[in-house]
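Notes for the one structure printed next.
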Amino acid sequence: MSQQIKNRFSIGILFLLCGLNFATWATRIPDFKYLLHLSDAELGTVLMGLPFGSLVSLPLAGWLISKFNSRLICIVAVFLYILIIPIISYSMNSYMLFICLFFFGMAGDILNIAMNTQVVSLEAKMSKIIMSSFHAIFSIGLMIGALLGGYISKIGYDIQDHFYFIAGLNLLAIPVFYPNLIKGESQSTVDDKPKSTILHLGRYLTILALVAFCGMLCEGAMADWITLYFKEDVTSSSYATTIGFTSFALAMVIGRFTGDYISRNFGVRTILTLNGLLISIGMIITLYLPMVEFKILGCFLTGLGISTIVPLIYSQAGNQKNIEPAIAIAGVSTIAYIGFLIGPVLIGYLADFSNLQSALFLLVLLGIVASFVANKYIK
């Protein structure tokens with residue numbers, strides 16, 4: 001097995017774990033809502049712990065990666081996950097849950113930046129775009145986490161057992177992935193890049209970050225609220241409440257596994273424009289067609305639309321010539337990841353003001369915005 005294949009396998013495990021960890025939390029959100037007697041607005045407030053944790057890690061992640069290399073930061077983030085996931089399950093009130101989610105958000109953002117930096121380094125070694133395939137593996141993790149969470153919840157296992165099991169999987173994975181992570185760019189390559197900061201990305205990277213923000217906000221909203229939407233608003237006993245999220249995650253896998261090939265043949269701007277349109281169409285079907293099968297199809301189309309936005313933009317950011325990759329990815333991915341985390345919060349407040357169906361209409365508008373900006377400004 002060549003070293004590049006070993007690198008690809010190891011980085012893929014990180015993306016799988018990241019998706020699995022987030023879906024583990026996402027599928028249990030309805031349980032926490034009812035156990036802690038939270039309204040939609042109160043749940044939205046608690047969920048703000050995630051973006052706050054991400055914001056705190058923002059000034060640290062890019063600097064840590066450039067100083068210590070992304071390989072070391074990946075293992076630090078996984079250890080943080082191992083510590084915090086079981087603690088979340090013991091949250092007895094909204095304050096404790098908020099604090100736990102703060103550290104959960106930190107772990108997610110740090111790992112997100114570090115593992116995407118690993119992919120850009122591997123793309124440089126292989127001289128080809130492969131980012132989308134790794135985000136497909138993240139989506140496989142989401143799908144596995146959704147299916148596993150739905151099954152474990154259905155057969156009656158408590159949250160503590162569920163979360164300890166997932167933390168154990170993270171721990172067992174470390175000796176498998178860590179030895180073959182890329183140690184980082186050569187110093188000469190890094191020195192060739194102009195120095196910049198996360199707060200001064202320039203016009204083009206800011207545009208990329210805006211489109212990624214829209215896509216990730218939609219992804220976060222779907223991950224955290226679509227299961228609750230199916231539980232409270234979709235009247236059908238023939239499907240598990242996680243069916244919408246599972247359909248969404250399956251579409252993300254399919255879209256991301258084919259994304260690199262499609263983008264090479266049709267161009268990044270065309271695909272990103274189409275992505276935004278699919279998000280809008282999919283959410284209209286999900287929210288306003290009455291049959292549950294149509295709603296499942298709508299979740300699938302929404303997943304296809306979201307699927308390749310982030311990997312295409314991360315690859316574009318990491319391979320541009322103006323800023324060193326670690327800083328470019330840290331800036332763009334953190335802004336995008338804030339969208340991923342703040343989306344559920346915003347949906348919660350909108351749902352409390354009106355209802356969950358109306359709140360999720362925000363995704364229709366964001367799809368239109370992403371499509372317009374991509375078509376007009378992205379190369």
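Those residues that are part of a helix (DSSP H, G or I), over 30 Å from L228 (Cα atoms) and open to solvent by 10 Å² or more (accessible area, probe 1.4 Å), I need them from the range 121-144; list them, please. Walk me through how you get there before you give the answer.
Step one: of the range 121-144, the residues part of a helix (DSSP H, G or I) are 121-126, 131-144.
Among the residues that remain, those that are also over 30 Å from L228 (Cα atoms) are: 121-126, 131.
Selection gives S121, A124, K125, M126.
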Options V310, V369, V373: the member that is more than 19 Å from the chain's Cα centre (by Cα) and either farther than 28 Å from M143 by Cα or buried (at least 24 other Cβ atoms within 10 Å of the Cβ) (or both):
V373
Please enumerate the residues belonging to the range 145-169 that are crowded, with 18+ Cβ neighbours inside 10 Å and either within 20 Å of the chain's Cα centre (by Cα) or not in a helix (DSSP H, G or I) (or both).
G145, A146, L147, L148, G149, G150, F163, I166, A167
State all residues of the range 92-111 that are in a helix (DSSP H, G or I) and open to solvent by 10 Å² or more (accessible area, probe 1.4 Å); if no residue qualifies, say none.
S94, Y95, M96, F98, I99, F102, F103, M106, I110
Qualifying positions in the range 211-237 - surrounded by fewer than 24 Cβ atoms within 10 Å (Cβ to Cβ) and more than 19 Å from G44 (Cβ to Cβ):
V234, T235, S236, S237
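Which is in contact with a helix residue (DSSP H, G or I) (Cβ under 6 Å, 6 or more places away or on another chain), part of a helix (DSSP H, G or I) and surrounded by fewer than 17 Cβ atoms within 10 Å (Cβ to Cβ), of K6, K33? Steps first, answer last, please.
Values: K33 fails: surrounded by fewer than 17 Cβ atoms within 10 Å (Cβ to Cβ).
Residue meeting the stated conditions: K6.
Every residue, every condition in (1) open to solvent by 10 Å² or more (accessible area, probe 1.4 Å); (2) assigned to a helix (DSSP H, G or I), yes or no:
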{"position": "Y239", "(1), (2)": "yes, no"}
{"position": "F245", "(1), (2)": "no, yes"}
{"position": "V253", "(1), (2)": "yes, yes"}
{"position": "R264", "(1), (2)": "yes, yes"}
{"position": "I271", "(1), (2)": "yes, yes"}
{"position": "L274", "(1), (2)": "yes, yes"}
{"position": "I284", "(1), (2)": "yes, yes"}
{"position": "E293", "(1), (2)": "yes, yes"}
Residues (more than 11 Å from V253 (Cα to Cα) and β-branched (V, I, T)) located in the range 129-143
I129, I130
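Scan the range 170-182 for residues that are part of a helix (DSSP H, G or I) and within 22 Å of the chain's Cα centre (by Cα) and report the count.
Going residue by residue through the range 170-182, those that are part of a helix (DSSP H, G or I) are 170-180.
Among the residues that remain, those that are also within 22 Å of the chain's Cα centre (by Cα) are: 170-171, 173-174, 177-178.
Residues in the range 170-182 being part of a helix (DSSP H, G or I) and within 22 Å of the chain's Cα centre (by Cα): 6 in total.
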If we ask which residues in the range 313-339 are of a type in the set (D, E, K, R) and either buried (at least 24 other Cβ atoms within 10 Å of the Cβ) or out of contact with any helix residue (DSSP H, G or I) (no Cβ under 8 Å at 6 or more places or on another chain) (or both), their number turns out to be 1
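Test P51 against the criterion of being of a type outside the set (D, E, K, R), closer than 30 Å to L350 by Cα, buried (at least 22 other Cβ atoms within 10 Å of the Cβ) and at pLDDT below 90, and give yes or no. Lay out the reasoning, then the answer.
Values: of a type outside the set (D, E, K, R): yes; closer than 30 Å to L350 by Cα: yes; buried (at least 22 other Cβ atoms within 10 Å of the Cβ): yes; at pLDDT below 90: yes.
When the stated conditions are applied, P51 passes them.
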Pull out all pairs, ordered by first then second residue, where Cβ-Cβ is under 8 Å, the residues are six or more apart or on different chains, the first lies in the range 268-292 and is free of Cβ contacts under 8 Å to residues at least 12 places away in the same chain, and the second is part of a helix (DSSP H, G or I).
L289/K295; L289/G298
Yes or no: the range 341-350 includes at least one residue that is open to solvent by 10 Å² or more (accessible area, probe 1.4 Å), farther than 26 Å from S57 by Cβ and free of Cβ contacts under 8 Å to residues at least 40 places away in the same chain.
yes
Mind checking which residues of the range 54-80 are hydroxyl-bearing (S, T, Y) and either outside any helix (DSSP H, G or I) or modelled with pLDDT under 85 (or both)?
S54, S57, S66
From the residues in the range 37-48 that are touching a helix residue (DSSP H, G or I) at 6+ places or on another chain (Cβ under 7 Å) and over 13 Å from I88 (Cα atoms), which one is most open to solvent (accessible area, probe 1.4 Å)?
E42
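Going through the range 75-91 one residue at a time, which ones are open to solvent by less than 60 Å² (accessible area, probe 1.4 Å) and either touching a residue at least 60 places away in the same chain (Cβ under 8 Å) or more than 18 Å from L55 (Cβ to Cβ) (or both)? First the steps, then the outcome.
Here is the first cut: in the range 75-91, the residues open to solvent by less than 60 Å² (accessible area, probe 1.4 Å) are 75, 77-78, 80-82, 84-86, 88-89, 91.
Of everything in the range 75-91, those that are open to solvent by less than 60 Å² (accessible area, probe 1.4 Å) and either touching a residue at least 60 places away in the same chain (Cβ under 8 Å) or more than 18 Å from L55 (Cβ to Cβ) (or both) turn out to be I75, V78, Y81, I82, I85, P86, I88, S89, S91.
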Counted residues, the range 110-153 - those being within 20 Å of I309 (Cα to Cα), at pLDDT below 85 and touching a Phe, Trp or Tyr at 6+ places or on another chain (Cβ under 6 Å)
0
Which condition breaks for L14 when tested against (1) among the hydrophobic types (A, V, I, L, M, F, W, C); (2) crowded, with 24+ Cβ neighbours inside 10 Å; (3) under 30 Å from D352 (Cα atoms)?
(3)
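The values are calculated or read from the model by the stated rules, or taken from the named source; none is laboratory data. Source: prediction; values computed, not measured. No Cβ is skipped: glycine too gets one built from the backbone with ideal geometry, and neighbour counts run over all protein chains shown. Please note that ligands, DNA and RNA were not included when accessible areas were found on the heavy atoms of the full protein model with its side chains. Shrake-Rupley method; radii C 1.70, N 1.55, O 1.52, S 1.80 Å.
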